[in-house]
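A quick write-up on the structure given underneath.
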Amino acid sequence: MERYREQKKDLHMVFIDLEKTYDKILRNAMWCSSEKHKVPTKYITLIKDMYDNVVTSVRTSDGDTDDL
């Protein structure tokens, strides 16, 4: 941010707090609902895998951050 200020360049940032967005959804209910609506098993499995051992990092022009 300092570099952008010094160079008088515009800097746009977005902060999205998703922590409370999905904590109320029971995952088993989500899987059952997906099956009920005939979502293919391979897609349900893929989505389940996204919830297991999740780590997040942010890619910037200076490289990736440490895992969050």
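The values are calculated or read from the model by the stated rules, or taken from the named source; none is laboratory data. Computed from a prediction, not measured in an experiment: that's the story for all the values here. FYI the Cβ positions are ideal-geometry reconstructions off the backbone, even for glycines, and counts take in every protein chain you see.
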task: Sort out which residues of region 33-57 are of a type outside the set (S, T, N, Q), in a loop (DSSP other than H, G, I, E, B) and exposed (fewer than 10 other Cβ atoms within 10 Å of the Cβ), and write them in order of number.
output: H37, K38, D52, V54, V55
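Rundown of residues vs (1) of a type outside the set (A, V, I, L, M, F, W, C); (2) modelled with pLDDT of 80 or more, yes/no style:
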{"residue": "Q7", "(1), (2)": "yes, yes"}
{"residue": "L11", "(1), (2)": "no, yes"}
{"residue": "I25", "(1), (2)": "no, no"}
{"residue": "V54", "(1), (2)": "no, no"}
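Would you pick out the residues in region 58-68 that are touching a Ser or Thr at 6+ places or on another chain (Cβ under 9 Å) and either surrounded by 10 or more Cβ atoms within 10 Å (Cβ to Cβ) or not charged (D, E, K, R) (or both)? Before the answer, list the steps.
Our first condition is that a residue be touching a Ser or Thr at 6+ places or on another chain (Cβ under 9 Å); within region 58-68, this holds for 58-59, 64-68.
Result: V58, T65, L68.
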